[in-house]
1. In degrees, nearest 10, range 0 to 90: what is the angle between the Cα axis of helix 51-70 and the longest Cα principal axis of the chain?
2. At a Förster distance of 22 Å, what's the computed FRET efficiency of Glu67 paired with Ser115, Cβ-Cβ distance as r, to 0.05?
3. By DSSP, what percent of the beta bridges with both residues in the chain are antiparallel, rounded to the nearest 5?
4. Report the paramagnetic label zone for Lys93: residues of region 108-149 whose backbone N is under 14 Å from a point 7 Å from Cα along the Cα-to-Cβ axis.
5. Report the full-extension gain for the segment Ile52 to Ala28: residue separation times 0.36 nm, less the Cα-Cα distance, to one decimal in nm.
6. Specify the angular offset, from 0 to 90 degrees and rounded to the nearest 10, of the alpha carbon long axis of helix 11-22 from the longest principal axis of the alpha carbons in the chain.
7. Compute the separation of the alpha-carbon centres of region 78-106 and region 159-196 and state it in Å as a whole number.
8. Charges at C-beta only: +1 for Lys and Arg, -1 for Asp and Glu. How large is the resulting dipole of the chain about its Cα centre, in Debye rounded to 20?
Amino acid sequence: MAGTTVEENGSVPAAVERALRSVGVPPAPARLRELRGMPKQRMFELLVPDAIRARAAYEEFVRAVVEAVRSGTVTAKPGALSVFGRLRAHGIKIALITGFPREIRDLVLEELGWSGFADLVLSPEDVGRGRPYPDLVWAAAARLEATGVRSILVAGDTRNDLLAAYRAGVPAAIGVLGGAHDEDELRRVPHAAIISGITDLPNAIALD
């Protein structure tokens, strides 16, 4: 979601830095970039050296992102809804997958007016493990009754999105620029294509 179909306008990195500083851990920008796309609770477990402070940092992060969403900082990517409409017109089911917990995910969808729009929305807590593990992709495929991995398309703005697709056996993994990772970073992991933004997706998959 964030970075691919949703514009977080810098609120996520700011929330991570605020959370880390709240427990006395200096932000490490390179490490933070590497972890983008992962489940947020797991991210703080990797960034903070002890479990109690990691949990406290995660809770502060959730508070910061909730504040940003409610303030209107988080918006839809221009053209995202139009892309959803074109996909639906061709009978393509839509699953929105995120590394955010349900609390943030559902708030974002509510604020954007997207509640009930997608066929499925999933967070790591819905399946047990998040990206870069393949579980979210497999769960979406099962719940939407995909006929196989070749009938699935994964589009995302982070290396962990593409790694999850690769590990799930999905050949059609498309990197989307304009989010967390740049073109050089996305090209370091297996992918079928790199596009400049979500509005290029219909052309990338040859929709009429």
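Any read-out appearing in this document is the output of simple, stated calculations on the displayed coordinates, not a laboratory observation. Not measured: the values here are computed from a predicted model. Don't worry about glycine lacking a Cβ; one is built from the backbone with ideal geometry, like all the others, and counts go over all protein chains shown.
1. Computed tilt is about 60 degrees.
2. Working: r = 20 Å, r/R0 = 0.91.
E between Glu67 and Ser115, to the nearest 0.05, is 0.65.
3. Working: 2 of 13 bridges.
Just about 15 percent of them are antiparallel.
4. Correct set: 118-122, 137-149.
5. Values: separation 24, 0.36 × 24 = 8.64 nm, distance 1.98 nm.
Extra length available between Ile52 and Ala28 comes to 6.7 nm.
6. 20
7. 17
8. Working: 25 positive and 26 negative charges, 71 e Å.
Charge dipole, the chain, about its Cα centre: 340 debye, nearest 20.
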